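Asks: Quick one: the structure is below, and I'll ask about it shortly.
The values are calculated or read from the model by the stated rules, or taken from the named source; none is laboratory data. This structure is a prediction, so every number in the text was calculated from the model and none was measured. As a convention, Cβ positions derive from the backbone with ideal geometry for all residues, glycine included, and neighbour counts pool all protein chains shown. When the accessible area is computed, the model is the full protein with side chains, heavy atoms only, and any ligands, DNA or RNA have been set aside. Shrake-Rupley method; radii C 1.70, N 1.55, O 1.52, S 1.80 Å.
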Amino acid sequence: MNRIKLRIGSACLAMIVLLGLMASFASAAQVTVTVQVNGTAVKFPDAKPYYENNRVMIPIRFVSEALGAKVGYGLDRSVTIELGAKKILMKINSDTVTVDSVIQKLDVPARLQQNRTFVPLRFVSEALGAQVGWNQEKRLVTITTGASSTPVASPSPSATPVAGGNNMYTLGLKWGGETELGKALFVDNMKIANGKLTFTLPKIAEGGSKYASDGTSVKLVPGQTYSYTIGKGAGFITISKPESSGSGWEGYGIFLDTSFNEDMDKLFGSIKNDVIVFGEGNSGSTLSEVIRLSKALK
């Protein structure tokens with residue numbers, strides 16, 4: 001029984017890691033994020049920053065106060081952030097925010113997590129007049145203020161990731177410690193024809209799900225053959241298995257939509273009639289390339 005519980009726990013952890021690259025549907029997927037304000041690291045004594053819907057969410061009090069702003073809370077679950085003449089008003093779980101009496105929409109609403117109020121870092125910082133940069137390789141957010149300040153990281157993802165770049169993905173799929181599932185998935189199995197991806201889920205797979213664009217999902221059954229339409233709004237697939245000689249998991253994300261989010265669109269959005277496969281460390285390649293690479297695996 002303990003072994004079963006351990007495997008279930010490991011499976012959940014593996015899926016959180018895998019869905020880190022699919023943040024649009026990962027609910028509060030925890031990652032290690034460092035935040036600096038004008039070169040000084042912000043300390044988070046308890047609740048830590050996390051990703052949601054491809055946005056960095058931060059406990060608002062610590063960053064706002066580092067920027068010199070005041071934070072207030074209302075009995076109606078509202079949050080007020082004031083810096084000089086600037087005033088931001090938002091409510092927990094609402095995507096509507098008021099900035100200096102102008103109503104705006106948030107990609108991700110304010111959240112209440114671990115008794116802390118989390119807000120989208122970029123929106124709030126820029127609304128307060130700061131510049132925000134993101135370094136994907138270092139998981140570093142830089143917030144700078146003042147006319148002469150220069151962000152340490154580029155404020156928007158680059159089209160072609162390089163060492164130290166800030167796109168959440170990297171070109172060129174990297175295999176993990178084991179490739180047993182990879183060989184079963186991609187060698188003489190997955191194929192694209194007539195605008196559809198067809199494959200048989202290997203019997204060695206212990207985790208498989210198909211996610212729709214609205215976030216709903218269905219479980220996949222090992223040994224069954226599946227066929228999915230590819231293209232805009234088609235969603236993605238996750239497939240994993242525990243390592244045979246280790247405590248980790250081997251897992252892959254197969255995106256049927258090459259422009260699933262902003263970062264993916266910059267790298268793969270122009271690719272048609274193919275899908276994108278992600279492996280170790282958010283590294284990705286087209287299926288056609290992954291099939292070629294898989295045939296060289298031992």
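Asks: Could you look through the range 117-135, keep only residues that are within 9 Å of residue 58 (Cβ to Cβ) and assigned to a strand (DSSP E or B), and pick out the one that is nearest to the chain's Cα centre (by Cα)?
Replies: 120
Asks: Quick check, is residue 215 among the small types (Gly, Ala, Ser), in contact (Cβ under 8 Å) with a residue 40 or more places away in the chain and more than 23 Å from residue 175 (Cβ to Cβ)?
Replies: Yes: the conditions hold for residue 215.
Asks: Are any residues in the range 57-84 open to solvent by less than 20 Å² (accessible area, probe 1.4 Å), of a type in the set (A, V, I, L, M) and not in a loop (DSSP other than H, G, I, E, B), and if so, which ones?
Replies: 57, 58, 60, 63, 79, 81
Asks: Can you tell me how many residues within the range 256-297 are aromatic (Phe, Trp, Tyr) and touching a residue at least 40 places away in the same chain (Cβ under 8 Å)?
Replies: 2
Asks: Select, from 231, 246, the only residue that is more than 13 Å from residue 276 (Cβ to Cβ) and not in a strand (DSSP E or B).
Replies: 246
Asks: Identify the single condition in (1) of a type in the set (Gly, Ala, Ser); (2) in contact with a Leu (Cβ under 6 Å, 6 or more places away or on another chain); (3) within 14 Å of residue 202 (Cα to Cα) that residue 234 does not satisfy, given that it satisfies every other one.
Replies: With (1) of a type in the set (Gly, Ala, Ser); (2) in contact with a Leu (Cβ under 6 Å, 6 or more places away or on another chain); (3) within 14 Å of residue 202 (Cα to Cα) applied to residue 234, the lone miss is (3).
Asks: Considering only the range 238-285, state which residues are under 19 Å from residue 170 (Cβ atoms), open to solvent by less than 10 Å² (accessible area, probe 1.4 Å), in contact with a Leu (Cβ under 8 Å, 6 or more places away or on another chain) and among the hydrophobic types (A, V, I, L, M, F, W, C).
Replies: Matches in the range 238-285: 254, 275, 276, 277, 278.
Asks: Now a separate question. Kindly evaluate residue 184 against the criterion of being modelled with pLDDT under 90 and among the small types (Gly, Ala, Ser).
Replies: no
Asks: Continuing with this model, one more query. Does the range 37-47 hold any residues that are touching a helix residue (DSSP H, G or I) at 6+ places or on another chain (Cβ under 9 Å) and under 13 Å from residue 132 (Cα atoms), and which are they?
Replies: 37, 38, listed by residue number.
Asks: Let me ask something additional. Please state which of the following conditions residue 113 fails to meet, knowing it meets all the rest: (1) modelled with pLDDT of 80 or more; (2) open to solvent by less than 80 Å² (accessible area, probe 1.4 Å); (3) within 20 Å of the chain's Cα centre (by Cα).
Replies: (1)
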